[in-house]
Amino acid sequence: MQVASIVPSSKILIDRVASKFDFSAPRIIAEFGPGEGCHTREIVKRMHPESRLLLFELDPELASHLRHHFRDDSRVSILNTDAANLPGELETLGIQHCDYVVSGIPFSTMEIRKKRLLLQRIHESLAPKPHSAFIIYQVTNELRGHAKLFPRAKSEYCLQNIPPMFVTVFYKQLLNGHSHNGNGNGNGKH
């Protein structure tokens, strides 16, 4: 229950999720619930040498495992705290915004107020840039109905995983670089 999965993500799902990032420049990336780190390892392998990766892992044992695994990579920080603390943790680290937030935590099982608070915190923490996005992989695609702050979303279904997963990218801005007032439906397909 803690990692919300019975088996680790498939290589195909990991590649699909990692392909949603633009790693061509230094980025600030936050990952929620990295678990044992199968997505994390791929992100670390692909990310720019000057990027930073902040891992939010609530489980102390998993956080300790991640600390050990990434002990030689100064780009990776493990934060044994709730993902909703993202804005405060960024401030503590002297980071204004992040470029990406990636998450496999099961939003569909989350209480609605917590879910909406977390979406608000993610939105406010993302840089106001067209590439900035919240990337999720989930069993259901119900979060699209709650993520109205994000003006643009793209989803695809990855059957090559147990269980199959939706990979959805919620962008901070529209393609033309403008922000959004949060009154739309967030289901734009561009």
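Can you work out the accessible area per residue across the chain, with the rest of the protein chains kept in place, probe 1.4 Å, in square angstrom?
48 Å²
Of all DSSP beta bridges located in the chain, what percent are antiparallel, nearest 5?
40 percent
Roughly to the nearest percent, how much of the accessible area of segment 23-108 is carbon and sulfur, given a 1.4 Å probe?
Heavy-atom surface of segment 23-108 belonging to carbon and sulfur, 1.4 Å probe: 47 percent.
Return the long-range amide H neighbours of Glu31 (sequence gap of 5 or more, or a different chain), with a cut-off of under 5 Å between placed amide H atoms.
Leu54, Leu55, Phe56, Val102
Can you list the HN-Hα couplings for segment 53-64, worked out from phi with the Karplus curve (6.51, -1.76, 1.60; θ = phi - 60°), rounded to whole Hz and with x for Gly and Pro?
10, 10, 9, 9, 10, 6, 6, x, 5, 5, 4, 5
Most mobile of Gly37, Gly104, Gly88 per a Gaussian network model of the chain (Cα springs, under 10 Å)?
Result: Gly88 has the largest fluctuation of those listed.
If I stretch the segment between Leu93 and Lys154 completely, what's the gain in nm (0.36 nm per residue apart, minus their alpha carbon distance), one decimal?
Values: separation 61, 0.36 × 61 = 21.96 nm, distance 3.06 nm.
Taking Leu93 through Lys154 to full extension adds about 18.9 nm, to one decimal.
Rg(Cα) of the chain divided by 2.2 N^0.38 Å?
0.95
What ³J(HN,Hα) values, in whole Hz, does the Karplus curve 6.51 cos²θ - 1.76 cosθ + 1.60 give for segment 15-26 when θ = phi - 60°, with x put for Gly and Pro?
5, 4, 5, 5, 6, 7, 8, 9, 8, 6, 9, x
From the backbone phi of segment 147-162, what are the Karplus-calculated ³J(HN,Hα) couplings (6.51 cos²θ - 1.76 cosθ + 1.60, θ = phi - 60°) in whole Hz, Gly and Pro given as x?
Listing the rounded values in order: 8, 6, 5, 8, x, 8, 9, 10, 10, 9, 10, 9, 6, 7, 7, 10 Hz.
Only Lys, Arg, Asp and Glu count, each charged at its Cβ (+1, +1, -1, -1), so figure out the dipole size of segment 1-96 about its Cα centre, rounded to 20 debye.
Dipole magnitude for segment 1-96 comes out near 400 debye.
In debye, nearest 20, what is the charge dipole magnitude of the chain about its Cα centre with +1 on Lys and Arg Cβ and -1 on Asp and Glu Cβ, if you could check?
Once rounded to the nearest 20, the dipole reads 640 debye.
The values are calculated or read from the model by the stated rules, or taken from the named source; none is laboratory data. Owing to the predicted nature of the structure, the values given are computational and were not obtained by experimental measurement. Counting neighbours? That spans all protein chains shown, and the Cβs are built from the backbone with ideal geometry, glycine included. Only protein heavy atoms, including side chains, enter the accessible area calculation; ligands, DNA and RNA are left aside. Shrake-Rupley method; radii C 1.70, N 1.55, O 1.52, S 1.80 Å.
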